[in-house]
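A quick write-up on the structure given underneath.
Read-outs: derived from the displayed coordinates by stated rules, not from any lab. Remember, it's a predicted structure, so these values are computed and weren't measured experimentally. So basically every Cβ, Gly included, is an ideal-geometry build from the backbone, and we count neighbours across all protein chains shown.
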2 protein chains.
Amino acid sequence: MSDIKIVPAGTVTSPIGFSAGGVFAGIKTPGEGKLDIGIVYSDRPCDTAGTFSQNSVVSPSVTVTRGLVESGRTIRAVIANSGCANCAVGEYGLKDAQEMAAIAADKLGINPDEVAVGSTGVIGVELPMALIRDHVPQITLKEEGGDEFATAILTTDTRTKHIAATFKVGGSSVTIGGVSKGSGMIHPNMATMLAFITTDAEIENTFMKQTLREVVQLTFNQIDVDGDQSTNDTVLLMANGAAGNPTISGGDEASEEFRAALYAVARHLAKEIARDGEGARTLMEVTVEGAESHEDARKAARSIASSLLVKTAVYGRDPNWGRIMMALGKSEIKLEEPKVRVFINDIQIVAEGRAIAYNIQSVVSALGQGEVRIRVSLDVGEGRGTAWGCDLTEEYVVFNSAYTT
Amino acid sequence: MSDIKIVPAGTVTSPIGFSAGGVFAGIKTPGEGKLDIGIVYSDRPCDTAGTFSQNSVVSPSVTVTRGLVESGRTIRAVIANSGCANCAVGEYGLKDAQEMAAIAADKLGINPDEVAVGSTGVIGVELPMALIRDHVPQITLKEEGGDEFATAILTTDTRTKHIAATFKVGGSSVTIGGVSKGSGMIHPNMATMLAFITTDAEIENTFMKQTLREVVQLTFNQIDVDGDQSTNDTVLLMANGAAGNPTISGGDEASEEFRAALYAVARHLAKEIARDGEGARTLMEVTVEGAESHEDARKAARSIASSLLVKTAVYGRDPNWGRIMMALGKSEIKLEEPKVRVFINDIQIVAEGRAIAYNIQSVVSALGQGEVRIRVSLDVGEGRGTAWGCDLTEEYVVFNSAYTT
């Protein structure tokens with residue numbers, strides 16, 4: 001996969017034919033540089049794939065977009081707002097999501113059923129449709145508008161998250177771009193955030209849907225901030241075929257390149273969400289290897305990355321490996337305790353299931369570097385998996401105890 | 001069940017024939033009034049029942065006690081220490097647990113296989129057997145020693161937890177007493193704490209085991225402090241038959257009284273664990289009613305009680321009902337959003353799945369009273385269940401980021 005290149009300052013408008021923009025409509029409280037509603041637009045129809053929240057309570061914005069993806073029809077745009085989840089608001093939720101699509105369609109001169117919808121923010125508050133009606137027409141779509149769109153979907157995030165990757169298929173350059181937002185309510189199993197991914201690939205839709213599902217499983221479903229699962233989670237992939245490449249449909253090198261590029265984009269966006277978790281100071285990357293299956297490995301990695309006692313230990317720079325063993329055991333995967341090895345940033349701290357002599361100061365120092373790698377070797381099979389999380393700090397508590405009041 | 005009486009200052013030595021005591025051996029760091037190893041002793045053999053951690057990594061102290069319970073043999077005593085979990089210490093763990101039982105047996109003049117073992121504290125540190133050998137002989141067993149034993153098993157708990165309940169069977173008084181400790185690593189599904197329950201009931205063992213399982217399901221498995229599951233969780237019930245009652249064996253009024261008394265004892269001990277969660281200021285009691293099944297109701301109640309976003313909202317006195325809806329949906333039980341009603345301390349804040357006008361100040365005030373009742377009505381069936389948790393405060397983070405270093 002060495003032929004995949006990361007596009008400098010790449011974003012959702014890096015693939016051919018996509019433009020984007022955002023505006024401040026007043027859905028969020030005002031602040032410098034704040035935007036709260038944005039559009040991504042394709043100059044030609046896009047095939048879609050998507051994965052959505054598994055929460056039983058979902059936003060009608062998700063309902064609309066999931067319906068479009070399931071219909072198999074092409075779409076041309078997505079409109080997304082921050083500041084309001086459009087969730088648990090009764091019958092108005094669906095009407096408002098549909099009107100939001102219609103407002104965008106009006107502006108763009110396309111049909112309302114060619115517009116996907118995304119919403120994120122406080123649950124239980126109705127969308128301020130008057131503000132949306134007034135401000136959406138003011139959005140200016142630009143080829144360099146990806147950053148504006150990325151800004152427009154932020155809630156408690158401290159920075160935008162985007163990336164693009166490109167590779168060659170035959171004589172054509174194919175590009176995949178993506179933006180995401182996260183911060184709170186981040187937990188495995190789809191997909192406690194918004195992520196919009198665009199590509200100019202000409203790609204067969206069944207293969208694209210299958211590949212997205214597999215990639216989401218390894219990336220967005222492997223991150224955790226606080227164990228809570230949002231009502232609005234959406235990963236939406238739009239492919240407009242503008243690259244003019246020979247159709248990618250699985251089973252060849254081009255398909256592997258596509259998968260690898262999509263994985264690179266999704267992993268970056270997922271890791272950035274974990275890194276920017278509410279109050280977080282340290283990104284945790286937890287890899288479990290030698291498990292009986294990949295699924296076991298992923299499950300154990302998630303269990304460690306989401307353990308509050310591990311998260312607080314990382315924050316306290318405390319090489320408390322006993323908590324790693326507890327979280328590993330909690331996942332109920334197959335393990336043989338006397339075989340377990342644990343490494344922090346490649347420093348081995350556990351052998352044969354128990355602590356060995358190690359330089360505590362070098363581990364403490366490793367835990368203070370903004371990114372920590374925890375590696376657990378089980379030696380009972382060939383399964384391997386990675387999960388990402390962040391430390392738990394007082395700021396998380398302060399922040400979330402004062403979010404709406 | 002009106003014939004069940006709570007025994008004033010009741011504890012594990014309230015039933016006939018039990019005595020207890022504790023000593024400070026130096027396993028924990030010294031401090032005023034600290035004890036760290038204790039014994040509960042019965043003057044005659046006890047039938048047992050128990051439930052244990054489902055973590056794949058368990059302390060050999062659990063292994064020893066689970067083995068005794070599964071063997072069906074009678075026991076005479078339990079020895080338990082705090083300050084050291086005796087877990088993830090390699091082959092020494094089992095040897096040390098067995099020697100701990102032998103040291104207690106020596107002191108008591110009974111067989112080592114008549115002694116159950118419990119341990120709690122830091123994982124990955126070996127039991128200081130020399131200290132245990134030296135100090136266990138100094139323990140003085142007393143009929144009023146229940147409080148000493150309750151003190152000896154505390155770790156980060158701020159207070160002892162015990163209770164006893166009594167009822168009549170024929171002409172005999174039957175008593176059930178219990179102590180517990182908890183604080184961190186508290187999560188549903190057995191049973192992130194130690195609880196020792198004694199009774200002088202003459203009771204058929206199969207019925208007792210079945211009843212304990214059912215009661216634990218409704219009590220200790222319905223509490224959550226931080227979603228983590230300990231390696232050492234134990235609920236041990238010892239019955240010595242000293243009350244001389246007609247044997248309780250199920251299917252009659254006496255059996256129902258026993259079940260109700262055991263439930264009262266277990267619920268009290270479980271609630272006290274949730275109330276005394278690390279850093280907690282507020283006990284949350286979450287009841288879900290009108291679910292499709294009792295199991296659904298219990299699951300949804302646990303999901304709400306364990307949500308970090310609900311826990312921080314309670315700490316911030318923030319009636320953020322959207323988070324309750326999110327946590328409810330996350331549990332993936334059957335619900336119809338337009339039917340959901342939510343009450344905080346009987347003040348209705350959600351009707352038909354959306355917020356209604358309520359006096360915010362009265363809800364904020366309810367959230368600041370040390371105990372809050374959240375009630376969710378689903379109106380899709382007859383299922384009902386309760387879970388207990390506590391708020392999440394900065395103190396939890398501060399405490400757990402500095403536990404071992």
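The dipole here belongs to chain A: it is taken about the Cα centre, uses +1 on the Cβ of Lys and Arg and -1 on the Cβ of Asp and Glu, and is about 460 debye.
In nanometres and ascending order, the distances from the B:Lys5 label point to those of the other copies are 8.7 (point 7 Å from Cα along Cα→Cβ). Inter-chain neighbour count for B:47-60: the average number of beta-carbon atoms from partner chains within 10 Å of each residue's beta-carbon is 3. The separation of segment A:316-369 from segment A:135-155, counted between C-alpha centres, amounts to 44 Å. The share of alpha-carbon pairs in segment B:1-128 lying farther apart than 17 Å comes to 61%. Over 34 Å apart: what share of the alpha carbon pairs of chain A falls there, rounded to a whole percent? Tail of P(r) above 34 Å: 30 percent of Cα pairs.
Using 0.36 nm per residue of separation minus the Cα-Cα distance, give me the extension gain between A:Met129 and A:Thr29 in nm, one decimal.
Details: separation 100, 0.36 × 100 = 36.00 nm, distance 1.58 nm.
Going from the current span to full extension adds 34.4 nm.
Taking every residue in B:131-141 and counting other chain Cβ atoms within 10 Å of its Cβ, the average works out to 0.
When the alpha carbon gyration tensor of segment B:283-400 is reduced to an equivalent ellipsoid, the three semi-axes, largest first, read 22, 17, 11 Å. Near the amide H of A:Ser119, within less than 5 Å, lie the amide hydrogens of A:Asn81, all on another chain or at least 5 residues away, with H placed in the peptide plane. Could you pull out the pairs from A:Lys334/B:Lys107; B:Lys161/B:Lys339; A:Lys271/B:Lys271; B:Lys5/B:Lys107; A:Lys28/B:Lys271; A:Lys334/B:Lys95 whose alpha carbons sit more than 29 Å apart here? Beyond 29 Å: A:Lys334/B:Lys107; B:Lys161/B:Lys339; A:Lys271/B:Lys271; B:Lys5/B:Lys107; A:Lys28/B:Lys271. Model label points for B:Glu395 and A:Glu292, set 7 angstrom from Cα along the Cα-to-Cβ axis, are 4.2 nm apart. Enclosing the Cα atoms of segment A:191-348 in their convex hull gives a volume equal to 138 cubic angstrom per residue. Computed packing ranks the peptides B:94-105, A:269-280 as A:269-280, B:94-105, most packed first, by mean other Cβ atoms within 10 Å. Per-residue mean of foreign Cβ neighbours for B:304-315 is 5 (Cβ atoms of other chains, 10 Å radius).
Average 1/r across all pairs of distinct alpha carbons in segment B:53-183, invert it, and you get the Kirkwood radius: 15.9 Å. Averaged over residues, the count of other Cβ atoms within 10 Å places the peptides A:30-43, B:317-330 in the sequence B:317-330, A:30-43, highest first.
Membrane-span-like helices in chain B, defined here as complete DSSP H runs extending at least 27 Å along the helix axis by their C-alpha atoms with mean Kyte-Doolittle hydropathy no lower than -0.5, are B:253-275; this is a sequence and geometry rule, not a statement about a membrane. Backbone geometry of segment A:122-135 corresponds, through the Karplus equation with coefficients 6.51, -1.76 and 1.60 at θ = phi - 60°, to 3J(HN,Hα) couplings of 5, 7, x, 10, 6, 4, x, 5, 4, 5, 5, 4, 6, 9 Hz, x marking Gly and Pro. The other copies place their B:Glu32 label points at 5.2 nm from this one, listed shortest first, where each point is 7 Å from Cα along Cα→Cβ.
Could you tally the net charge around A:Pro60, taking each other residue with its Cβ under 12 Å from the Cβ of A:Pro60, Lys/Arg +1 and Asp/Glu -1?
In short, -3.
Count charges around A:Asp276 for me, please; just the other residues with Cβ under 12 Å from its Cβ, Lys/Arg as +1, Asp/Glu as -1.
Net of charged neighbours comes to +3.
Between copies, the label points at B:Pro112 (set 7 angstrom from Cα along Cα-to-Cβ) are spaced 7.8 nm, reported in nanometres from shortest to longest. Simple spin-label estimate for A:Glu144 and A:Thr63 gives 4.1 nm between the two label positions (7 Å along the Cα-to-Cβ direction from each Cα). Remark: spin-label model distance A:Lys5-A:Thr247 equals 2.9 nm, labels positioned 7 Å along the Cα→Cβ axis. Where chain B is carried onto chain A by rotation, the Cβ closest to that axis, with its residue and distance in Å, is B:Glu394, 2. Ratio of Rg to Rh for the protein assembly as shown: 1.02 [Cα atoms; Kirkwood radius as inverse mean 1/r over pairs].
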